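Colleague: One structure, as structure tokens, below. Some questions next.
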Amino acid sequence: MTNTTAPRASLTVEETEFYRTNGYVIVRGVLSSEEISELQAVTDEFMERSRSMTESDNVIELDQGHSADSPRIRRIKSPHKHHDAYARSLSNPKILDLVQSLIGPNIRWHHTKLNAKAPEGGRQVEWHTDWGYYPHTNADLLEVGIGLDPITIENGCLHILAGSHLGPVWDHYEGDRFVGAVAPGSFDMDAAVPVELELGDISMHHVRVLHGSAPNLSTNTRRLLLQGYAAADAWPLMAHHQPDDWPPWDERMLRGEPTRDPRLDGSPVRIPLPVQRALGLFDTQAQMAQSHYEGET
């Protein structure tokens with residue numbers, strides 16, 4: 001994989017309209033082979049580090065079946081805080097130029113994570129919206145996906161229900177318990193579209209679009225670096241802002257100027273409470289009575 005094209009200053013009109021209509025867009029050949037190779041090598045270092053681990057810690061989340069001889073990681077938490085290569089990827093101007101096309105010039109980072117699926121059983125992600133976990137005053141938030149391996153249907157690529165970001169808020173509860181996923185049968189999974197990526201491509205999906213991914217049943221690893229971005233005037237509805245919070249809040253700005261004036265756009269919201277904050281996405285979704293991918297493990 002070699003990217004010899006010049007950096008793109010923005011999305012095309014057609015790409016922007018596709019995103020507005022469908023809630024996602026794939027942009028080909030954004031990152032160079034050197035950029036991808038560095039991220040792969042750094043991720044391999046985390047994999048080697050995990051060999052000495054017998055349980056998850058606050059950086060590396062282990063998958064079932066993990067051992068020193070056969071390391072299996074399902075997530076690296078906030079990777080940009082643990083290696084400069086991930087931090088540089090988060091603030092990569094080529095990516096920020098494309099993000100700016102969709103959420104404007106004042107951009108704050110929201111989070112990073114690296115979701116990995118080991119061969120022959122790497123765990124699924126149940127169907128959910130990111131908005132279900134972190135509603136804001138407006139919905140100008142998006143997720144950028146960077147494949148560190150070719151991302152295919154066979155190894156459990158993201159699937160998206162196109163246009164689902166334009167409708168009502170999706171329910172992520174079973175009874176009064178927040179399980180971080182919508183109920184199986186509440187939508188047509190056969191209508192979902194796969195988001196397959198070659199090395200160097202990125203995907204961008206809207207915070208309110210419904211998405212999930214099947215287990216990795218192939219013999220190939222699937223590693224997806226996810227970088228979340230928010231417009232500076234999109235404020236989290238569940239944060240408790242204290243005086244000491246201001247410096248790190250403004251330090252999240254990657255481009256443009258911060259603001260103290262939240263923008264409300266009328267997006268429907270359902271607050272994800274009560275939440276068990278000790279649980280991550282996978283353990284939260286494990287509380288579901290039934291998986292969307294029953295029989296695919």
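Colleague: In this structure, does Asp84 turn out to be under 20 Å from Ile151 (Cβ atoms) and either surrounded by fewer than 20 Cβ atoms within 10 Å (Cβ to Cβ) or modelled with pLDDT under 95 (or both)?
Modeller: Working: under 20 Å from Ile151 (Cβ atoms): no; either surrounded by fewer than 20 Cβ atoms within 10 Å (Cβ to Cβ) or modelled with pLDDT under 95 (or both): yes.
So Asp84 does not fit the description; no.
Colleague: Taking the criterion of being farther than 24 Å from Ser101 by Cβ and either at pLDDT 95 or above or buried (at least 18 other Cβ atoms within 10 Å of the Cβ) (or both), would at least one residue in segment 252-263 satisfy it? Break it down stepwise before answering.
Modeller: As a first pass, look at segment 252-263 and keep what is farther than 24 Å from Ser101 by Cβ: 260.
The next check asks that each one be either at pLDDT 95 or above or buried (at least 18 other Cβ atoms within 10 Å of the Cβ) (or both); those that pass are none.
No, segment 252-263 has no match at all.
Colleague: Which numbered condition trips up Gly65, out of (1) within 16 Å of Asn115 (Cβ to Cβ); (2) in contact (Cβ under 8 Å) with a residue 24 or more places away in the chain; (3) not in a helix (DSSP H, G or I)?
Modeller: It fails just one condition, (1).
Colleague: Right, next: Scan segment 68-86 for residues that are hydrophobic (A, V, I, L, M, F, W, C) and either farther than 30 Å from Glu257 by Cβ or assigned to a strand (DSSP E or B) (or both) and jot them down. Full working, then the answer.
Modeller: Residues of segment 68-86 hydrophobic (A, V, I, L, M, F, W, C): 68, 73, 76, 85.
Of everything in segment 68-86, those that are hydrophobic (A, V, I, L, M, F, W, C) and either farther than 30 Å from Glu257 by Cβ or assigned to a strand (DSSP E or B) (or both) turn out to be Ala68, Ile73, Ile76.
Colleague: Here's a follow-up. Say whether the condition of being in a loop (DSSP other than H, G, I, E, B), under 26 Å from Leu237 (Cβ atoms), free of Cβ contacts under 8 Å to residues at least 12 places away in the same chain and not aromatic (Phe, Trp, Tyr) is met by at least one residue in segment 148-167.
Modeller: Yes, the conditions are met somewhere in segment 148-167.
Colleague: Quick check on segment 87-103. Is at least one of its residues closer than 25 Å to Met253 by Cβ, in contact with a strand residue (DSSP E or B) (Cβ under 9 Å, 6 or more places away or on another chain), without any contact (Cβ under 8 Å) to a residue 40 or more places away in the chain and outside any loop (DSSP other than H, G, I, E, B)?
Modeller: So far as segment 87-103 goes, yes, one or more of its residues are closer than 25 Å to Met253 by Cβ, in contact with a strand residue (DSSP E or B) (Cβ under 9 Å, 6 or more places away or on another chain), without any contact (Cβ under 8 Å) to a residue 40 or more places away in the chain and outside any loop (DSSP other than H, G, I, E, B).
Colleague: A further question follows. Take the residues of segment 62-98 that are small (Gly, Ala, Ser) and within 22 Å of Ile26 (Cβ to Cβ): which is farthest from the chain's Cα centre (by Cα)?
Modeller: Filtering segment 62-98 for residues that are small (Gly, Ala, Ser) and within 22 Å of Ile26 (Cβ to Cβ), the one farthest from the chain's Cα centre (by Cα) comes out as Ser91.
Colleague: Considering only segment 179-226, state which residues are surrounded by fewer than 22 Cβ atoms within 10 Å (Cβ to Cβ), of a type in the set (A, V, I, L, M, F, W, C) and not in a loop (DSSP other than H, G, I, E, B).
Modeller: Scanning segment 179-226 gives Met189, Ala191, Val193, Leu226.
Colleague: Suppose we filter segment 248-263 for residues that are closer than 7 Å to Asn106 by Cβ and of a type in the set (Phe, Trp, Tyr); how many remain?
Modeller: Going through segment 248-263 one residue at a time, the tally reaches 0.
Colleague: Based on this model, can you work out whether Ser33 counts as surrounded by fewer than 16 Cβ atoms within 10 Å (Cβ to Cβ), touching a Leu at 6+ places or on another chain (Cβ under 9 Å) and either within 16 Å of Ile146 (Cβ to Cβ) or of a type in the set (D, E, K, R) (or both)?
Modeller: Details: surrounded by fewer than 16 Cβ atoms within 10 Å (Cβ to Cβ): yes; touching a Leu at 6+ places or on another chain (Cβ under 9 Å): yes; either within 16 Å of Ile146 (Cβ to Cβ) or of a type in the set (D, E, K, R) (or both): yes.
Yes; evaluated as a whole, the condition is true for this residue.
Colleague: Going residue by residue through segment 32-39, is there one that turns out to be part of a helix (DSSP H, G or I) and over 21 Å from the mean Cα position of the chain (by Cα)? I'd like the intermediate steps shown before the answer.
Modeller: The first filter runs over segment 32-39 and keeps only residues part of a helix (DSSP H, G or I), leaving 33-39.
Those left that are additionally over 21 Å from the mean Cα position of the chain (by Cα): 33-34.
The answer is yes, given that some residue of segment 32-39 is part of a helix (DSSP H, G or I) and over 21 Å from the mean Cα position of the chain (by Cα).
Colleague: Another one. For Thr129, are the conditions met, namely being crowded, with 23+ Cβ neighbours inside 10 Å, of a type in the set (Ser, Thr, Tyr) and touching a Phe, Trp or Tyr at 6+ places or on another chain (Cβ under 6 Å)? Steps first, answer last, please.
Modeller: Values: crowded, with 23+ Cβ neighbours inside 10 Å: yes; of a type in the set (Ser, Thr, Tyr): yes; touching a Phe, Trp or Tyr at 6+ places or on another chain (Cβ under 6 Å): yes.
Against the criterion (crowded, with 23+ Cβ neighbours inside 10 Å, of a type in the set (Ser, Thr, Tyr) and touching a Phe, Trp or Tyr at 6+ places or on another chain (Cβ under 6 Å)), Thr129 qualifies.
Colleague: Can you report the number of residues in segment 227-265 which are of a type in the set (Gly, Ala, Ser) and over 14 Å from Leu141 (Cα atoms)?
Modeller: First, pick out the residues of segment 227-265 that are of a type in the set (Gly, Ala, Ser): 228, 230-232, 234, 239, 256.
Now restrict to residues that are over 14 Å from Leu141 (Cα atoms): 239, 256.
Number satisfying all stated conditions: 2.
Colleague: Looking at Ala116, Ala68, which is the one that is modelled with pLDDT of 95 or more and not polar (S, T, N, Q)?
Modeller: Details: Ala68 fails: modelled with pLDDT of 95 or more.
Only one candidate qualifies: Ala116.
The values are calculated or read from the model by the stated rules, or taken from the named source; none is laboratory data. As the structure is a prediction and not an experimental result, all values here were calculated from the model. Cβ: placed from backbone, ideal geometry, glycine included. Neighbour counts: every protein chain shown.
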